[in-house]
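The values are calculated or read from the model by the stated rules, or taken from the named source; none is laboratory data. If you're wondering where the values come from, they're calculated on a predicted model, not measured in any experiment. Cβ atoms come from the backbone with ideal geometry, glycine included; neighbour counts cover every protein chain shown. Accessible surface is based on the protein model in full, side chains and every heavy atom, while ligands, DNA and RNA are left aside. Shrake-Rupley method; radii C 1.70, N 1.55, O 1.52, S 1.80 Å.
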Amino acid sequence: MKKAPKIILTLAVFLMILFAVYHFYINKDARDIATEEPAFAVKSEQLIAEFTTDGEAASKKYLNKTITISGTVSSTDDTSLSLEGGIYCQMMQKTAVKSAETITVKGRLIGFDDILSEIKLDQCTIITN
């Protein structure tokens, strides 16, 4: 009977540690790409060439990194835009750019779609028009 309080205490400490790990790991602040310094600044043609030449090496280099890309807008809607050559940007806010404008976009590279041959970025903001 004397072991019961020790077991309960041990279980309580274990549950508190588990809760703390959950709270700090799961509920940590999300990245704010708009305020992060970019790891790379590239032109759209250069980025497309790297993914076309060696997609695996380019993925290792750019995946989940904040980058700025300069290029010409090929299409746009309220929440996304595409740069010529196959770069898709999911925007943080509505966009007011038009096709054929040259802009610089900052975002997080989330992958390369082999089927559409498209480089995808999310959390994008327009740096310059």
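For this structure, a couple of remarks:
- Entries of Lys60/Lys98; Lys61/Lys94; Lys60/Lys94; Lys61/Lys120; Lys60/Lys120 with Cα pairs more than 24 Å apart: Lys60/Lys98; Lys61/Lys94; Lys60/Lys94
- Relative contact order of the stretch 25-129, pairs being alpha-carbon contacts under 8 Å that are 6 or more residues apart, as %: 27
- Extension gain (nm, one decimal) between Thr35 and Lys3, 0.36 nm per residue minus Cα-Cα: 6.1 nm
- Sites Glu118 and Val97, calculated FRET efficiency, Cβ-Cβ separation with R0 22 Å, nearest 0.05: 0.75
- Working ranking of peptides 89-100, 115-126 by packing, defined as the average number of other Cβ atoms within 10 Å per residue, highest first, is 115-126, 89-100.
- 5 angstrom amide H check on Glu101, placed H, neighbours 5+ away: Val73
- Average accessible area per residue (Å²) across the chain - probe 1.4 Å, nucleic acids and ligands excluded: 68
- Residues Lys65 and Ala20, FRET efficiency given R0 of 41 Å [Cβ-Cβ distance, rounded to 0.05]: 0.85
- Amide H contacts under 5 Å for Glu118, placed H, 5+ residues apart: Asp113
- The chain, accessible surface, carbon-and-sulfur percent (1.4 angstrom probe): 61
- With an a/c value of 1.5 or above and a/b not larger than b/c for the gyration tensor axes a ≥ b ≥ c computed over the alpha-carbon atoms, the stretch 19-129 is described as oblate.
- Residues whose placed amide H lies under 5 Å from that of Thr66, excluding near-sequence neighbours: Ala39
- Cα-based Kirkwood hydrodynamic radius, the stretch 16-57, one decimal, Å: 13.9
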